[in-house]
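Every read-out reported here was derived from the displayed coordinates using simple, explicitly stated rules and does not represent laboratory data. Quick caveat, the model's predicted, so the values are computed rather than measured. Quick reminder, even Gly has a Cβ in these numbers, built from the backbone with ideal geometry, and neighbours come from all protein chains shown.
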Amino acid sequence: MQSTYLIALGTLCVAAAFLASRSAAAAEPAQASVLGFTVKDIDGQDVQLSKFAGKVLLIVNVASLCGNTPQYKPLEALYEKYKDRGFEILAFPANNFLFQEPGSDAQIREFCTSHYNVTFPLFSKISVKGSGIHPLYKFLTSKATDPEFGGDIEWNFAKFLIGRDGKIAGRVKAGRSPDSPEVVAQIEELLSAPAPH
C-alpha cells in the first residue's frame, strides 16, 4: 500500500515538474533576437530578418494619418546619413491607433514614396498590439524578452534600436523625433561597436 502511494506521489511530482517547465517555456520568447523572424515586405514577399545580421536596426511602427507622420522626413535623413555604415530602418505600418493607417500596402507605399521619398525598407501592414499582434512585435514588447524595454506600443512611430547582434539595445517613445540628439548618439554608439563574429 505504501509503495503504491509512493509511486503515485512520484508520478504526480514528475507531472508537476513537466507542467512547470512547459509553462516556463511558454513564458519565454521563442526567438533569441529579432534576426530569427520572417516578415512580409510591402510587396508581400517573405523577408528573413537574418539578412540584416551585423547591422544596426531601427524598427518603427508607422502610420500615414498621424501627427507623428512627419517623422518620415528625419527617418529618411537618418537612413541616408548612416546606411553606408550598416544602419537600416525597418518600417511596419500598423492601423492600431485611431485607424490612422487605413490604406492597403500599395497605397501606403505610394504615400511614403510620393510624400517623403522613403527609400528604407517598408513592410506589409501588421498589428503591433492586442490579440492579433505580429510575432515580431510580441517579441519586441515582451517583458520576458527584455524587462527594461518591454511593454505595449503606446502610439504610432514608437522605435526600437537593435544592436549588431540582433538584440534590443534601446526604445524610443513615439513622440520623440528620430533625429533628436539622444537618439543619434545611441545610433552612433551602436554603429561604432564591432560586428559579432
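Some points to look at:
- Label reach from Leu65 (point 7 Å along Cα→C-beta): in region 78-102, amide nitrogens under 14 Å belong to 94-102.
- Prolate/oblate/rounded call for region 151-197, Cα gyration tensor, a/c under 1.5 rounded: oblate
- The simple Förster model, with R0 at 41 Å and r as the Cβ-Cβ distance, assigns Ala53 and Gln107 a FRET efficiency of 0.85.
- Ranked by the mean number of other Cβ atoms within 10 Å per residue, highest first, peptides 164-176, 182-194 order as 164-176, 182-194.
- Size descriptor, Kirkwood hydrodynamic radius, that averages inverse alpha-carbon separations across region 31-192, Å: 15.6 Å
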